[in-house]
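Remarks on the structure that follows.
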Amino acid sequence: MTEKLILITDRIITGPLEALSKYNVKFDLLSDPINSKEAGEKIKDADGLITMLCDVIDKDFIERNSHLKIISNYAVGTNNIDKEACEKAGIIVGNTPDVLTNASADLALTLLLGSTRRLKYNTNIVNEGRWKKWEPIGILGNDLTGKTLGIYGMGRIGQTFAYKCQKAFNMDVIYYNHREKEIRSDLKATAVSEMEVFANSDVLSFHCPLTDKTKGVINKANLATMKAGSFLINIARGEVHHEEDILWAINEGILGGVGLDVTNPEPMTKDSPLFNHPDVLVTPHIGSGTIETRTAMTKCCAENILKAFNLS
């Protein structure tokens with residue numbers, strides 16, 4: 001059996017890959033940036049890649065590496081890959097759907113609770129030694145029970161997050177999806193227009209893929225239609241929002257708090273006014289960041305490779 005070499009562009013949990021050794025599939029870590037000259041020399045001898053969502057796999061890259069059989073993206077989204085160029089070159093594109101749904105929804109819930117209870121602001125008070133006594137009208141947050149949750153992008157993660165919020169806080173759920181979507185039977189949710197989901201949500205959470213339609217949709221014009229003191233969560237992609245427009249909305253009192261697991265640019269710069277705002281809670285793109293989920297993502301990549309080479 002001819003040996004197959006798969007290069008991985010960053011360190012991942014590798015356990016599920018070990019089973020592929022019986023199929024004579026070898027894995028190696030690509031230590032140089034994927035578009036560097038050094039990496040290019042190594043990729044010439046590879047049969048496939050396991051790539052990260054930050055790797056740019058554009059038309060030029062595909063033309064240089066048309067010998068590859070598979071590119072398995074270590075993510076649900078594949079917006080970093082030129083899929084049309086891959087199709088023309090006969091390269092299979094894989095991803096890791098389904099397995100990170102719960103972890104991502106839990107992270108959105110974490111950001112929601114942290115934002116509405118002003119967690120960053122309050123922990124800063126403690127860390128800076130400004131906590132002197134209990135204050136009955138000190139730094140007050142907001143309740144969630146009975147409020148309206150808006151979901152922009154009602155895929156698996158959006159629905160799971162909405163379900164958790166509805167069960168925990170009896171929230172009314174409205175949603176906008178670019179295409180008609182079948183909703184799980186145990187979730188009560190109402191489809192609305194894009195304009196309505198911005199205007200009628202107490203909390204608006206983004207779970208959409210990055211497309212031409214969603215890029216920059218969190219902008220000043222749409223934010224201006226939101227309720228005063230509402231909250232915004234983005235765990236989709238950073239390019240969905242404009243950093244300066246979110247800052248404007250906070251300063252205008254339109255947004256009472258923001259939770260971001262993705263930023264634009266990513267990573268967010270330390271001197272960003274948004275990063276340093278006490279009511280903006282930022283996490284470093286960790287939606288799928290649990291041991292169980294990242295292990296399952298590796299298993300998906302292994303399955304993608306087996307299918308690509310007809311080994312399963």
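The values are calculated or read from the model by the stated rules, or taken from the named source; none is laboratory data. Since the model is a prediction, treat every value here as computed from it, not as a measurement. Note that each Cβ is placed from the backbone with ideal geometry, even for glycine, and that neighbours are counted across all protein chains shown. Please note that ligands, DNA and RNA were not included when accessible areas were found on the heavy atoms of the full protein model with its side chains. Shrake-Rupley method; radii C 1.70, N 1.55, O 1.52, S 1.80 Å.
The table below gives the values:
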{"read-out": "Candidate set: segment 94-123, residues that are assigned to a helix (DSSP H, G or I) and charged (D, E, K, R); chosen: the one nearest to the chain's Cα centre (by Cα)", "value": "D106"}
{"read-out": "Residue that is outside any helix (DSSP H, G or I), under 30 Å from E87 (Cα atoms) and not acidic (D, E), where the choices are N310, N276", "value": "N310"}
{"read-out": "Which numbered condition A191 misses (of (1) small (G, A, S); (2) open to solvent by 40 Å² or more (accessible area, probe 1.4 Å); (3) under 18 Å from I233 (Cα atoms))", "value": "(3)"}
{"read-out": "Residues of segment 77-96 that turn out to be open to solvent by 40 Å² or more (accessible area, probe 1.4 Å) and either of a type in the set (S, T, N, Q) or in contact (Cβ under 8 Å) with a residue 60 or more places away in the chain (or both), as a count", "value": "3"}
{"read-out": "One residue from D245, D271, D279 being under 21 Å from N142 (Cα atoms) and more than 18 Å from the chain's Cα centre (by Cα)", "value": "D279"}
{"read-out": "Complete set of residues in segment 142-173 that are open to solvent by 10 Å² or more (accessible area, probe 1.4 Å) and in contact with a Gly (Cβ under 9 Å, 6 or more places away or on another chain)", "value": "N142, I157, F169, N170, D172"}
{"read-out": "Some residue of segment 273-292 being of a type in the set (F, W, Y) and open to solvent by 20 Å² or more (accessible area, probe 1.4 Å)", "value": "yes"}
{"read-out": "Condition met for I57 (surrounded by 14 or more Cβ atoms within 10 Å (Cβ to Cβ) and within 24 Å of P267 (Cα to Cα))", "value": "yes"}
{"read-out": "Of the criteria (1) surrounded by fewer than 13 Cβ atoms within 10 Å (Cβ to Cβ); (2) assigned to a strand (DSSP E or B); (3) touching an Asp or Glu at 6+ places or on another chain (Cβ under 7 Å); (4) not basic (K, R), which one E38 fails", "value": "(2)"}
{"read-out": "Unmet requirement for N264, which otherwise passes all of (1) out of contact with any His (no Cβ under 8 Å at 6 or more places or on another chain); (2) open to solvent by 30 Å² or more (accessible area, probe 1.4 Å)", "value": "(1)"}
{"read-out": "Residue among A46, A105 that alone is open to solvent by less than 10 Å² (accessible area, probe 1.4 Å) and within 30 Å of H277 (Cα to Cα)", "value": "A105"}
{"read-out": "For N80: the one exception among (1) within 17 Å of the chain's Cα centre (by Cα); (2) more than 20 Å from T293 (Cβ to Cβ)", "value": "(2)"}
{"read-out": "Positions within segment 223-251 being part of a loop (DSSP other than H, G, I, E, B) and without any contact (Cβ under 8 Å) to a residue 60 or more places away in the chain, in sequence order", "value": "A224, T225, M226, K227, A228, H242"}
{"read-out": "F198 being of a type in the set (F, W, Y), crowded, with 20+ Cβ neighbours inside 10 Å and not in a helix (DSSP H, G or I)", "value": "no"}
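So that you can scan it fast, the table gives a plain yes or no per residue for (1) open to solvent by less than 50 Å² (accessible area, probe 1.4 Å); (2) of a type outside the set (G, A, S); (3) out of contact with any Cys (no Cβ under 7 Å at 6 or more places or on another chain):
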{"position": "S205", "(1), (2), (3)": "yes, no, yes"}
{"position": "P209", "(1), (2), (3)": "no, yes, yes"}
{"position": "T225", "(1), (2), (3)": "no, yes, yes"}
{"position": "A228", "(1), (2), (3)": "no, no, yes"}
